[in-house]
Amino acid sequence: MLENKANPTFSKSTGLPRKRFYRARAHSNPLSDSHFPIPISPHHVDYSLHYPQFFPSSDQVHSTKKVEFADIGCGFGGLLISLSTLFPESLMIGMELRDKVTEYVKERISALRVANPGQYQNISVVRTNSMKYIPNYFEKGQLSKMFFLFPDPHFKEKNHRRRVISLHLLDEYAYVLGVGGIIYTITDVEELGDWMKACLESHPMFEALTVEELEADPVVKLLSSATEEGQKVARNGGQTFQAVYRRIQPSS
Amino acid sequence: MEDDAPMDFGESNKDIEVAPALIAVHPNQESVAVAVGSDLRVFDVHGDCAISLVDDSSKGSLHKDSIRAIRYGASGKLLVSAGDDKLVKIWSTESWRCVSTVCSEKRVTAVAITNDGLYVCFADKFGVVWVVDLDGTDGQAVAKKKAAQLLSHYCSIITSLEFSPDGKFIVSADRDFKIRVTVFPNKPLDGAHEIQSFCLGHTEFVSCLAFVCTLEYPQGFLVSGGGDSTVRLWDIYSGSLLDTYEVGGKAGLLESNGREEECCSVITDLCTNQDGTLVAVAVQGLQEIILLKCSLSARSISLAKVVPIGGETFIPTRLEVSFSTGLLWMVTGVSNLRGFEYPSLARVRVISGLKSNADFLQNEPFVLEDNEIPGGRKLLEKLQGSISFDEKVFMAAAEALKTAMSNLLIKKQYSVEKREFRKKTRNDRKIKQ
Ligand SMILES: C[S@@+](CC[C@H](N)C(=O)[O-])C[C@H]1O[C@@H](n2cnc3c(N)ncnc32)[C@H](O)[C@@H]1O
C-alpha cells in the first residue's frame, strides 16, 4: 500500500532498523496493552492457526468460514467443549484474560484433538481483554451466539464499570452479533443477574426469548451445567439467574 | 490481577500538565479563537477588535485549568470550550456571553456540535461521550444543563470527535488505535447504540479526524492521523481503509540531532479544505505543513506539496482552514512551560491559497507576513498575548509538548525482565486444576 513511498523502516543515517518500526512490525500486532498481542483488525487474525483442519493451508485464510460463537471469559473452557460436539460445523472461540487459564484451555483442546481424531477441531481460545478488543476480532454481524457465563460480579458500585455486561458494552456486542443472534448470560449472584437483565432489557437492540424459545434451545440447558463455575454452583446447591436475549434490528 | 484488569486510565503522570495551544476559526472567518492553558482569547475579525468574554456564572477566570478543546458550530452562532477543569462552556458568538456551563464528571478531551446546532457532544478522559441538548439556549439566558451518556469507548482516552457532513454519524477516535462510527440517533439523550463500523488500521493512538466531502460525495470520507505517522482515508459506512499516507519517511527533522529513539513523527492535527481536495497535516517536530491531495473518485491521498514555515521555529500544534477564505490558520504554543519567564506561549501564523483545487494550482500556497494576516497586529496581540518571542521558548515548547503527548497517549512498553517481575507478583497465577 505504501511500501514504495521510500522505505522508512530503516534509518537514513544509520541504516539500522528503526526501533519504532521494528516494534510495530516484528509482531503480528503492536497493539500491546499489557503484553498480549492484539490483532489490528479482524482481517489480521490468522484462523488457520486456531482451526487447522478447517483452514488446511494458510492461503485459505480468506476462506468464507468464520467464527460464529464467542464465549467471553471462558475460564477453563467447559462450555466450548460441550458445544464443540453439539455444533461440529460451527467455529467457536473462547476469550479469556488470564494467561495461565488460557494456556490451560489451549492444552486441554490439543489433548482432546489427539484423543479424539477429527473432533474438537472447531474450538479455540485467545487471551485478550474482551472489554476492549472485541471489535479487533469480529466483523459486524459475524457472530450468532455470545456467552457470558458466571462473569465476575464486581459488587462495589464504583467497580460496576468493570462488569462485562453494561449498556455501553452491549452496543459492541450488538455490533458483532448478526440480527437474530443470541446472547446468553447466567450467574449465581442475584444482584448481577438483575443488572444483566436490566441492561439487556433497556437496550434497543435486544429482546428477551420467550419461554417456549428457551425450552426449545438445547444450548440453554448447558448454561448451568457445562462450565466449571456452573458445576461448582450446582454442587453447592446454589441458585442461578439467567437472561437470554436476541439481537434485533433497532426501530428507528 | 490488577495489572491486567481492564482499568487503564493513562492518568498516571500528574506532574505533566503542559497543554498545547488550540485554534478555532469561525466558519465565515468572522472571528478567531485561541486557547492557551486556561485562557480563552477571541478576536473579532469582522469588527476588527478584541473580544472580552462575559461569563456571569463564574468569577475571575473563565476556565480554571487547561482548555483541551475549542470549536465553533457549523452555523457560527456558538463556540464551545472545555478541558481539564471539567467544565464545558458554550458561548454565543453574538453576545460573547457564556450561555451555558455544563459540568462533566471527568476532564474533557474533545467536543463537537451537531450540524443543526441542537446538541453539543463532549468526550471525557474515561472514554465516555456525553450529549447536551441546546434547546432553550437561545443566546441570552444562562442555562445550567445536564449531560446524558451517548456512548463509550471502554476506558480509553477519546482524542477526537467529529460529525459526518450529513449529520448521520458521530465518529470518535481513541488512544487504543480505534475509530468508532456510530449512528447519531433521533433521540440522542437515550444514547447512541447502533454502531455503523469500526475503522481499524492505525497501529498507534489516533490523534485527529476530519471529513473530506465533495459535490459528488456529499456523505464524505473520513481522514485520520495518528501516532503511527500515518494519515488514513476511510469509508465510514463499511469501515474500510481506502488509502494510507506514511509521513514517516519524510520527517527527518528531529532525527538529525541524534535523538532517533524518541522521534515518532506523530500527526498532531489535520484539516480539510472546502472543496475536499486538500488535507493539511501538522507533524510533531516538523516546521512545515504537509499538503495531501485527496481524490475521492480514486479513493486516494497523496503528497501534493510541503509548505515550509520560514522564520522562527514554528511547529504547529493545531490547524484550521477557513472554508470561506481558504486561509489555513495555525497555532503553536503551550501552557505551563517551566523555567521560562512567560510560562504560556502562543504564536499564530497563516497560510493562504487552500480554498479550492483551482486556487491551489494557480497560487502557490505561502505563509503570510504578520501584517498580511486578517486583523493584523491587533489580532496577533490579542491571540498571542504578545508580538515578539524569544526563539528558545519555541524549542522548549515543542519538546515539552512531545513529552506530554507521548506520556498521555503512548502505551508503556515493558521490558522482558519487568514483565516477568510483574507476572511473578501477580496473584492470579495459583490456578487450581
Ligand atoms: C468466574 S469466571 C467464569 C468462567 C467460566 N465462564 C465458567 O463459567 O466457568 C470469569 C472469567 O472471566 C475472565 N474475565 C474477566 N474479565 C475478563 C475480560 N475483560 N476479558 C476476558 N476475560 C475476562 C476471568 O479471568 C475469569 O476466568
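Each value in this text was obtained by applying a stated rule to the coordinates, not by laboratory testing. Computed from a prediction, not measured in an experiment: that's the story for all the values here. Ideal geometry is used to build each Cβ from the backbone, glycine not excepted, and the neighbour counts take in all protein chains shown.
Computed 3J(HN,Hα) for region B:167-183, one whole-Hz value per residue from the Karplus formula 6.51 cos²θ - 1.76 cosθ + 1.60 where θ = phi - 60°, is x, 6, 10, 10, 10, 10, 10, 9, 5, 8, 6, 10, 10, 10, 10, 10, 5, glycine and proline marked x.
Only loop residues by DSSP count here, and only those with at most 15 other Cβ atoms within 10 Å; note down the GluC sites (Glu not before Pro) in region A:162-252 that meet that. Within region A:162-252, no GluC sites (Glu not before Pro) qualify (loop, at most 15 other Cβ atoms within 10 Å). Karplus-derived 3J(HN,Hα) values for region A:92-109, using 6.51 cos²θ - 1.76 cosθ + 1.60 with θ = phi - 60°, are 9, 9, x, 10, 9, 7, 7, 5, 5, 5, 4, 4, 4, 4, 4, 5, 4, 5 Hz; glycine and proline are entered as x. Normalising by the residue count of region A:119-190, find the relative contact order in percent from Cα pairs under 8 Å and 6+ residues apart. Relative contact order comes out at 46 percent. Counting only other chain Cβ atoms within 10 Å of each residue's Cβ, the peptide A:168-181 averages 3.
For residue B:309, the residues 5 or more places off, or on other chains, whose built amide H falls under 5 Å of its own are B:288, B:289. With θ taken as phi - 60° and the Karplus curve 6.51 cos²θ - 1.76 cosθ + 1.60 applied, the whole-hertz 3J(HN,Hα) list for region B:357-364 is 4, 4, 4, 4, 6, 6, 10, 3 Hz, x standing for glycine and proline.
Quick one: B:392, A:132, fewest Cβ neighbours within 10 Å first, how do they rank?
Sorted ascending by nearby Cβ count, the order is B:392, A:132.
Of the residues B:95, B:297, the one with the fewest other Cβ atoms within 10 Å heads the list, and the complete ranking is B:297, B:95. Multiplying the residue separation of residue B:183 and residue B:148 by 0.36 nm and removing their Cα-Cα distance gives an extension gain of 11.0 nm. Cross-link check: pairs B:77/B:392; A:65/B:168; B:89/B:125 evaluated at a Cα-Cα cut-off of 27 Å; pairs beyond the cut-off: B:77/B:392; A:65/B:168. In plain terms, the residue of B:303, B:62 with the fewest other Cβ atoms within 10 Å comes first and the most crowded comes last, giving B:303, B:62.
A cut-off of 5 Å between modelled amide H atoms, ignoring neighbours fewer than 5 places along the same chain, links residue B:58 with no other residue. Among the listed pairs A:140/B:293; A:132/B:86; B:86/B:145; B:59/B:378, which are separated by more than 21 Å between their Cα atoms? Beyond 21 Å between Cα atoms: A:140/B:293; A:132/B:86; B:59/B:378. Under a 5 Å amide H cut-off, with hydrogens placed 1.01 Å from N, residue B:110 pairs with B:123 among residues at least 5 apart or on other chains.
For region B:23-116, the set of trypsin sites (Lys or Arg not before Pro) satisfying both a DSSP loop assignment and a count of at most 10 other C-beta atoms within 10 Å is given as B:59.
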